[in-house]
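Trainee: Okay, handing you the structure first.
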Amino acid sequence: MTADARGAETTEFLQTLIRNACVNEGTEESGQETRNADTIQTFLEGAGLDVERFDSAPGRTNLVTRIEGSDPNAPSLCLDGHTDVVPVNESGWDRDPFGGELVDGEVWGRGAVDMLNLTASMAVVMRALAKDGFRPKGDLVFLAVADEEAGSAYGARWMAEHH
């Protein structure tokens, strides 16, 4: 796949994550990151990656996948992205904050620059590496977590305490 095609794939994936509107208001029932987790899981499994799901609360899903390294003594690298966004006052936006519109080569929407853009990019890289048969020395791990925007009680902190 060319760099332009990979960029287009990343853009489309980012637009989908934005449109899933996983808004974290700081309550257990908000976020509903399971929507983005489902999207990421389907995307990664299409490349043959095994994805583990960890639900910290209903709708609060964290994902882990890895490309196993060739040397069990080599250090691992973890790519960590979050799947939630902060609430938005839609009246302050010129465009739909969950539209994921592509305007003049830029994706507009909540999370487009924090951090759904990086989460989408990391997922695209993991998928591409898996499809290419890449085998690092140490494990390459991709972690997509819920609840980063409100303290990680259901995301990274929960994962560290329970897994």
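Trainee: Would you kindly identify the strands (runs of 3 or more DSSP E) lying entirely within the stretch 31-91 that contain at least 2 residues that are more than 21 Å from Met122 (Cα to Cα)?
Mentor: 51-57
Trainee: Something else: Taking the stretch 63-111 as the search range and keeping residues that are among the β-branched types (Val, Ile, Thr) and touching a Lys or Arg at 6+ places or on another chain (Cβ under 9 Å), which one is surrounded by the fewest Cβ atoms within 10 Å (Cβ to Cβ)? Break it down into steps so the answer makes sense when it comes.
Mentor: Keep residues of the stretch 63-111 that are among the β-branched types (Val, Ile, Thr), which gives 64-65, 67, 83, 85-86, 88, 103, 107.
Filter again for touching a Lys or Arg at 6+ places or on another chain (Cβ under 9 Å), leaving 64, 67, 83, 85-86, 88, 103.
On the way: Val64: 18, Ile67: 19, Thr83: 32, Val85: 27, Val86: 14, Val88: 15, Val103: 10.
Across the stretch 63-111, the extreme among qualifying residues is Val103.
Trainee: Here's a follow-up. Is it the case, given these coordinates, that Ala156 is open to solvent by less than 20 Å² (accessible area, probe 1.4 Å) and touching a strand residue (DSSP E or B) at 6+ places or on another chain (Cβ under 9 Å)?
Mentor: Spelling it out, it is not the case that Ala156 is open to solvent by less than 20 Å² (accessible area, probe 1.4 Å) and touching a strand residue (DSSP E or B) at 6+ places or on another chain (Cβ under 9 Å).
Trainee: Moving on to the next point. Could you say whether any residue in the stretch 32-43 is in contact (Cβ under 8 Å) with a residue 24 or more places away in the chain, closer than 22 Å to Trp158 by Cβ, small (Gly, Ala, Ser) and crowded, with 18+ Cβ neighbours inside 10 Å?
Mentor: yes
Trainee: Limited to the stretch 123-138, what total is found for residues that are under 13 Å from Leu77 (Cβ atoms) and either open to solvent by 40 Å² or more (accessible area, probe 1.4 Å) or of a type in the set (A, V, I, L, M) (or both)?
Mentor: Step one: filter the stretch 123-138 for residues under 13 Å from Leu77 (Cβ atoms), giving 125-126, 129, 134, 136-138.
The next check asks that each one be either open to solvent by 40 Å² or more (accessible area, probe 1.4 Å) or of a type in the set (A, V, I, L, M) (or both); those that pass are 125-126, 129, 134, 137.
Residues in the stretch 123-138 being under 13 Å from Leu77 (Cβ atoms) and either open to solvent by 40 Å² or more (accessible area, probe 1.4 Å) or of a type in the set (A, V, I, L, M) (or both): 5 in total.
Trainee: As an exercise: evaluate Glu106 against (1) over 18 Å from the mean Cα position of the chain (by Cα); (2) within 27 Å of Met159 (Cα to Cα); (3) among the acidic types (Asp, Glu) and give the number of the one condition it does not meet.
Mentor: (2)
Trainee: Which of (1) out of contact with any Phe, Trp or Tyr (no Cβ under 8 Å at 6 or more places or on another chain); (2) among the hydroxyl-bearing types (Ser, Thr, Tyr); (3) modelled with pLDDT of 95 or more is the odd one out, the single condition Ser56 does not satisfy?
Mentor: Among (1) out of contact with any Phe, Trp or Tyr (no Cβ under 8 Å at 6 or more places or on another chain); (2) among the hydroxyl-bearing types (Ser, Thr, Tyr); (3) modelled with pLDDT of 95 or more, Ser56 violates only (1).
The values are calculated or read from the model by the stated rules, or taken from the named source; none is laboratory data. Remember, it's a predicted structure, so these values are computed and weren't measured experimentally. Note that each Cβ is placed from the backbone with ideal geometry, even for glycine, and that neighbours are counted across all protein chains shown. For accessibility, only protein heavy atoms count, side chains too; no ligands or nucleic acids. Shrake-Rupley method; radii C 1.70, N 1.55, O 1.52, S 1.80 Å.
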